[in-house]
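Q: If you scroll down you'll find the structure; I have some questions about it.
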Amino acid sequence: MSCINKLTANIAYDCNATNRAKGGLESKAVLINTVDIDLTALTQSGATVTNLTLNAGATGYEIGWIKQLGSTASEFAVNDGLDTFSHSFACRVFGQGSADAERIKELSQGEFVVVVETKYKGTGNVDSYKVFGIENGLKMSEGSFTSLENDGSFLFTLKSVENFGESYPYKVYLEGTYAASKAKFDDLFASE
């Protein structure tokens, strides 16, 4: 059995501004505890995720930012036998209260899937939402706080665990239409 795959389509440059790459994210992400995802409902077809549904009573959690202080990244990792992509999400906790310390502790101990809306939308906005960590989750890989920098914010990165990467550089989340995807994203994927 051969595991060698082939390129199956042209990689073209599209002069249409709608389809040209564009950096940056909108101003929030939804963090979902991996244990809260209903894996029986989830559908993945190639690089597309649909039916992202949470278990009964579960919800995702919003994290917001200003400017471009939230970011995602993907890095190709060559492994013996199975090459993968390592995903990461970097952001910050802006507050310094006890509730913020509780969230930071939870971030340090949890495993998450991150869904973001990118500045790049694609034709009909169908490529707006990206999912990171859907196959193996993301865990905190670094975090730091100092009272003298970043206005005292806690900077952190959620990242794929070494040797537990993802099969795509990102997955596109689409519930058929942009409007349907946006509604679930805005409702934090909360189950009914």
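The values are calculated or read from the model by the stated rules, or taken from the named source; none is laboratory data. As the structure is a computational prediction, the values presented were derived from the model and not from experiment. Because the Cβ atoms are built from the backbone with ideal geometry, glycine has one as well, and the counts that use them run over all protein chains shown. The protein model used for the area step is the full one, side chains on, heavy atoms only, and it has no ligands, DNA or RNA in it. Shrake-Rupley method; radii C 1.70, N 1.55, O 1.52, S 1.80 Å.
Q: Name the residues in segment 80-103 that are touching a strand residue (DSSP E or B) at 6+ places or on another chain (Cβ under 7 Å), within 17 Å of SER147 (Cα to Cα) and of a type in the set (Phe, Trp, Tyr), would you?
A: Matches in segment 80-103: none.
Q: Could you tell me whether segment 150-160 includes any residue that is farther than 21 Å from SER71 by Cβ and of a type outside the set (Lys, Arg)?
A: No, segment 150-160 has no match at all.
Q: Inside segment 85-192, counting only strands (runs of 3 or more DSSP E) that do not spill past its ends, which hold 2 or more residues that are under 13 Å from the mean Cα position of the chain (by Cα) and more than 21 Å from THR43 (Cα to Cα)? Let's see the steps before the verdict.
A: Numbers: elements: 112-118, 129-132, 139-145, 154-159, 171-173.
So the answer is 154-159.
Q: Now for a separate question. Considering segment 14-38 alone, what residues qualify as being among the small types (Gly, Ala, Ser) and either buried (at least 17 other Cβ atoms within 10 Å of the Cβ) or part of a loop (DSSP other than H, G, I, E, B) (or both)?
A: ALA21, GLY23, GLY24, ALA29
Q: For segment 39-84, name all the residues that are within 21 Å of LYS139 (Cβ to Cβ), of a type outside the set (A, V, I, L, M, F, W, C) and in a loop (DSSP other than H, G, I, E, B).
A: Listed by number, the residues that qualify are ASN55, THR59, GLY60, GLY70, ASN79, ASP83.
Q: Check off (1) open to solvent by 60 Å² or more (accessible area, probe 1.4 Å); (2) in contact with an Asp or Glu (Cβ under 9 Å, 6 or more places away or on another chain) for THR123 and give me the number that stays unchecked.
A: (2)
Q: List pairs: first in segment 109-123 and under 17 Å from GLU135 (Cβ atoms), second among the basic types (Lys, Arg), Cβ under 6 Å, 6+ apart or cross-chain?
A: Close Cβ pairs (under 6 Å, with a partner that is among the basic types (Lys, Arg)) amount to GLU111/LYS139; VAL116/LYS130.
Q: Same structure, new question: Residue by residue through segment 150-166, note down the ones that are among the charged types (D, E, K, R) and within 18 Å of GLY95 (Cβ to Cβ).
A: ASP151, the sole residue that qualifies.
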